[in-house]
Amino acid sequence: MAAEKNGRDGGVQSLQRAFELLEHLADTGGEASLSELATLSGLPMPTIHRLIRTLVDLGYVRQNTNRRYALGARLIRLGENASMQFGSWARPLLAELVDEVGETANLAVLERDEVVYVAQVPSKHSMRMFTEVGRRLLPHGTGVGKAMLAHLPSDDVTALLARTGMPSYTEHTFTDEDALLRELAKIAQQGYALDEAEQELGVRCVAVAVPGAPVPAAVSVSGPSGRLTMEAVERIAPVVQRIANSLGSNLSKDGVTV
């Protein structure tokens, strides 16, 4: 058997190309044909066909009845395990955030159009906010979700909302796309998002996207709105920004992937 050609930095070229195809499928937000993948990747059709067939056989890609291809179910376990490991790695910084601001800290990622909470460090207050690790919510109704959406291209946000809809969690949840897009522009400008009882009544949240993360991720602080006042937000937001930036810097330095 002929030896595999080396790719960038001495890697195995076919393995590199296979992962690039998976990323192209993820970028389409749904499914793609072989010809579309050939256009996206710049690879010849025979190479695309060989790689896709291998990925289908392994369960990492599936072929739909319309003969288009989508990400396979076998990737779910890998993604969920990687997200939880990312959460464990980030817990010391979340603990530092709790010590400094006195409220519960969370880390979430955007996975398959949903916000997934992957880590939490609770505050020491008797009245505190608990978000179950592993909980999934739609991004438009959460502080962490809005912080992540604010850093995505508007076309991607519009496509995501078309897939998920905008159901309300509370009477304060954004349910109008134009209003949400205006809110996201404001978030991008000020550098943090607020959840004003949009996910749960009586709760306020300050969230900041993690810069440089390989998938959209955000850090947040949440607490009762009576304690997490707007005056407190002015003090807390810069701290959440610093922790998010530290997470991003450590990701770049240590090569941690999600």
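Sorting the segments 94-102, 12-20, 191-199 by their residues' average number of neighbouring beta-carbon atoms within 10 angstrom, most packed first, yields 191-199, 94-102, 12-20. Note that region 172-213 presents 46 Å² accessible area per residue, ligands and nucleic acids not counted, probe 1.4 Å. Applying the Karplus relation 6.51 cos²θ - 1.76 cosθ + 1.60 with θ = phi - 60° to region 64-75 yields 3J(HN,Hα) values of 7, 5, 8, 6, 9, 10, 9, 4, x, 5, 5, 6 Hz, where x marks Gly and Pro. Classify region 179-225 as rounded, prolate or oblate, taking a ≥ b ≥ c as the square roots of the eigenvalues of its Cα gyration tensor: rounded when a/c is under 1.5, otherwise prolate if a/b is larger than b/c and oblate if not. Since a/c reaches 1.5 but b/c is at least a/b, the shape of region 179-225 is classed as oblate. In this structure Val221 has an accessible area near 0 Å², from a 1.4 Å probe over the protein heavy atoms.
For an R0 of 30 angstrom, estimate the FRET efficiency from the Cβ-Cβ distance between Thr47 and Ala73 and round to the nearest 0.05.
On the way: r = 25 Å, r/R0 = 0.82.
FRET efficiency, Thr47 to Ala73: 0.75.
The modelled label-to-label distance between Ser168 and Glu234, using points 7 Å beyond Cα along the C-beta direction, is 3.1 nm. Close amide-amide hydrogen proximity is noted between Ser123 and Thr104, Ala105, Met129, each under 5 Å apart and 5 or more residues distant or on a separate chain (H modeled in the peptide plane; Pro and chain starts excluded). Considering only Gly143, Thr175, Val118, whose Cα is most displaced toward the positive end of the charge dipole of region 99-230, charges sitting on Cβ of Lys, Arg (+1) and Asp, Glu (-1)? Checked the options; the winner is Val118.
Summarised as an ellipsoid, region 166-244 has semi-axes of 19, 18, 11 Å, derived from the eigenvalues of the Cα gyration tensor scaled by 5 and square-rooted, with the largest first. Taken over the C-alpha atoms, region 117-201 has Rg and Dmax values of 13.4, 43 angstrom.
As a ratio to 2.2 N^0.38 Å, the alpha-carbon radius of gyration computed for region 106-258 takes the value 0.97.
The values are calculated or read from the model by the stated rules, or taken from the named source; none is laboratory data. Bear in mind that the values here come from a model prediction, so they are computed numbers and not experimental data. Please note: Cβ atoms are built from the backbone with ideal geometry, for glycine as well, and neighbour counts cover all protein chains shown. Side chains are part of the model used for accessible areas, which takes the heavy atoms of the whole protein and leaves out ligands, DNA and RNA. Shrake-Rupley method; radii C 1.70, N 1.55, O 1.52, S 1.80 Å.
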